[in-house]
There are 2 protein chains.
Amino acid sequence: MANSDKNISSAVIKRLPRYFRYLGALKAKNITRISSKELSEQMMVTASQIRQDLNNFGGFGQQGYGYNVDNLYTEIGKILGLDKRNDMIIVGAGNLGQALANYQSFNEDYGYKVMALFDVNPKLIGISVRGVKVLDTDELENFIKTHGIKIAALTIPKDQAPAIAKKMAEWGIKGFWNFAPIDLHLPDNVTVENVHLAESLMTLTYNVHNREESENE
Amino acid sequence: MANSDKNISSAVIKRLPRYFRYLGALKAKNITRISSKELSEQMMVTASQIRQDLNNFGGFGQQGYGYNVDNLYTEIGKILGLDKRNDMIIVGAGNLGQALANYQSFNEDYGYKVMALFDVNPKLIGISVRGVKVLDTDELENFIKTHGIKIAALTIPKDQAPAIAKKMAEWGIKGFWNFAPIDLHLPDNVTVENVHLAESLMTLTYNVHNREESENE
DNA sequence: TAGATTGTTAATCGATTAACAATC
DNA sequence: TAGATTGTTAATCGATTAACAATC
């Protein structure tokens, strides 16, 4: 827990889930070992980058051999915190909130658990999405505190997002998965991961109209 | 059209929609002028970066004055291609596909138009989402060609995504807004903008468990 | 005109890639 | 042992920031 990692660049952190995904795919194909060179060819990055990235966290490989797929998969999972219990809530049970609640991939494959959805709309309060209840937003404080929830998806309109996020941070939320098209300003010990859909679509639009050499990010 | 912009770094392009959003907010507040310094304080970036970014596309400001909000908003919109007709389709009419079709923000505010959704599920074919029909995937080729569609959201399972994307690119799609958790390998004149939700949640999870100084991207 | 702020060049910083000795 | 491939240092590249002359 007292992880004394000297600050690791966010560029590195953002690449970890992609390594994790590729290793998962290799595992599924029963491939047991891989070298940074082979992996780099599949992922279209440099082998140097893979080795540099991984060595921020320790030496997971073996000279002359490469990396054990199963082991590396597990280790990256641990780094990301997927070995821990990751309970979450979704605030805003509209189309997007419900779509997230239904989204298998992270719900089951990676051990996240959606504990409840929240909304102010009386028509939604009480229904269940994938077996998860939609509760009244009034119950947020109590729920967060009682269950010790740390992670919340925010799928509410942008005018409401900053105020409610501020409150939720006070009640104990440490990480916001923010889908509202606005920047949240919260204390330093709270993280925000923005998913600004409209912005990503605009970036795509630029590239469509100015198509050059493709550059998968 | 023959935009002879020497390759502009993708870091710059990704920041443009955020400038656009802030300028839209200023416009809504009837603010008519802004300096790079004021804007930089609101956006928590350096004024230098704003000026450098904008000057990739031209001198939109005026010494001693700053930038005209309305004008800059319009110009960035043009750079992004929002002044053009941006018809799109959504392939995969499940929860996520439907949520996108319902998503006001980009549908109306920025002039995108969802022309149709597509699915293989007979239960979905024929229904309407926000007035937009769900068609049989068999009709994709004809629809793309007839309507000259260039942009497509992919909200289908990952095993099906690469094959269908390949076909769609042959039929004329130039930009994929890819929500499937897999990398698409397509010709150079086709762009892919990935929205890998599970990966963004993992990045958040890492930060929650290793919370340090917050760093809004 | 004087003050403000741009556009742009130069300096710095950080991230990526290359190279290679260590070692399995 | 010989071959392969890591971990890691050094070199390069690119992006960000600082500084300031140009100019409105």
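The values are calculated or read from the model by the stated rules, or taken from the named source; none is laboratory data. As the structure is a prediction and not an experimental result, all values here were calculated from the model. All Cβ positions, even for glycine, are placed from backbone atoms using ideal geometry, and neighbour counts span all protein chains on display. Accessible surface is based on the protein model in full, side chains and every heavy atom, while ligands, DNA and RNA are left aside. Shrake-Rupley method; radii C 1.70, N 1.55, O 1.52, S 1.80 Å.
Take A:V190 and tell me if it is in contact with a Leu (Cβ under 8 Å, 6 or more places away or on another chain), of a type in the set (V, I, T), over 14 Å from A:M88 (Cα atoms) and at the interface with chain B (Cβ under 7 Å from one of its Cβ atoms). Before you say what the answer is, go through the steps one by one.
Numbers: in contact with a Leu (Cβ under 8 Å, 6 or more places away or on another chain): no; of a type in the set (V, I, T): yes; over 14 Å from A:M88 (Cα atoms): yes; at the interface with chain B (Cβ under 7 Å from one of its Cβ atoms): yes.
No, not satisfied.
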**Asked** Which one of the conditions (1) within 13 Å of chain B (Cβ to nearest Cβ); (2) part of a loop (DSSP other than H, G, I, E, B); (3) more than 16 Å from DNA strand D (Cβ to nearest atom); (4) surrounded by fewer than 20 Cβ atoms within 10 Å (Cβ to Cβ) does A:K123 fail to meet, given that it meets all the rest?
**Response** (1)
**Request:** Specify which of the listed residues (A:N95, A:N121, A:N71, A:N142) is in contact (Cβ under 8 Å) with a residue 24 or more places away in the chain and over 14 Å from B:L201 (Cα atoms).
**Result:** A:N121
**Request:** Search region B:13-27 for residues being within 16 Å of DNA strand D (Cβ to nearest atom) and open to solvent by less than 10 Å² (accessible area, probe 1.4 Å), and hand back the single one that is nearest to the other protein chains (Cβ to nearest Cβ).
**Result:** B:P17
**Complete:** (1) in a loop (DSSP other than H, G, I, E, B); (2) free of Cβ contacts under 8 Å to residues at least 60 places away in the same chain all hold for B:I149 apart from (2)
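Tell me the residue from A:N56, A:N30 that is within 13 Å of DNA strand D (Cβ to nearest atom), at pLDDT 95 or above and part of a loop (DSSP other than H, G, I, E, B), please.
Details: A:N30 fails: within 13 Å of DNA strand D (Cβ to nearest atom).
Only one candidate passes the filter, namely A:N56.
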**Request:** Select from region B:161-178 the residues that are open to solvent by 40 Å² or more (accessible area, probe 1.4 Å) and without any contact (Cβ under 8 Å) to a residue 24 or more places away in the chain and list them in ascending order.
**Result:** B:P162, B:A163, B:K166, B:E170
**Fill in**
A:I90 meets each of (1) in the same structural domain as A:Y112 (by TED's automatic domain parsing); (2) without any contact (Cβ under 8 Å) to a residue 24 or more places away in the chain with one exception, condition (2)
